[in-house]
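All remarks here apply to the structure that follows.
Bear in mind that the values in this text are calculations on the coordinates, not laboratory data. Being a predicted model, the structure only gives us computed values, none of them experimental. Backbone-built Cβ (ideal geometry, glycine too); neighbour counts: all protein chains shown.
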Amino acid sequence: MKLTINSFSAVSFFALASQLALAKPVVDKRDVFVPKIITPDASTVWHSGETQTVTWDISDAPQNVTNTAGFIILRSSGISTSVILADNFNILDAQVQLTVPNVLTRDDFSIILVGSSGNHSPDFHIEGKSFV
């Protein structure tokens, strides 16, 4: 059996192949939400073992937030720690309660609020337990 390709078929094939090669993937529009943390702020003092409420502003939340599952981690000296303060809450709730962990007293703690994006609070003070 002899295979023959006419010029119309060849041109059509190469035209289609070149269009596929130039095609770009379709990217869905994603709304990233970076809420401003209200509390804690720079005047905040937490005490280890207490229950505290973290609050953030949702007034400018987009209609379709990419990821509403939130979590909060502790930061110290501008470096993220492995301490998860709260997780599995809805970022659109605008607040979550947590228990302040047992840490050494410092005044350079902050929190990172993560949902569809990360945002951190100003530094604040935690009055920790004495380990001596």
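Which whole number of Å³ per residue matches the convex hull of the alpha-carbon atoms in segment 37-127? It would help to have the intermediate numbers written out before the result.
Details: hull volume 7.7 nm³, N = 91.
It comes to 84 Å³ per residue, whole-number rounded.
Using the beta-carbon distance between L104 and I84 and R0 = 22 Å, what value does 1/(1 + (r/R0)^6) give for FRET efficiency, to the nearest 0.05?
Values: r = 18 Å, r/R0 = 0.84.
Efficiency for this residue pair is about 0.75.
Would you kindly derive the ³J(HN,Hα) couplings of segment 67-74 from the backbone phi angles with the Karplus curve 6.51 cos²θ - 1.76 cosθ + 1.60 (θ = phi - 60°), listing them in order in whole Hz, with x for Gly and Pro?
9, 9, 7, x, 8, 10, 10, 8
Return the distance in nm (one decimal) between the two label points of a simple spin-label model at V32 and S130, each offset 7 Å from Cα along Cα→Cβ.
4.6
Quick one: Karplus J couplings for segment 87-92, per residue in order, coefficients 6.51, -1.76, 1.60, θ = phi - 60°, nearest Hz, x for Gly and Pro?
Those phi angles translate into 8, 6, 10, 7, 4, 7 Hz.
At 7 Å along Cα-to-Cβ for each site, give me the label-to-label distance between V45 and Q63 in nm.
4.7
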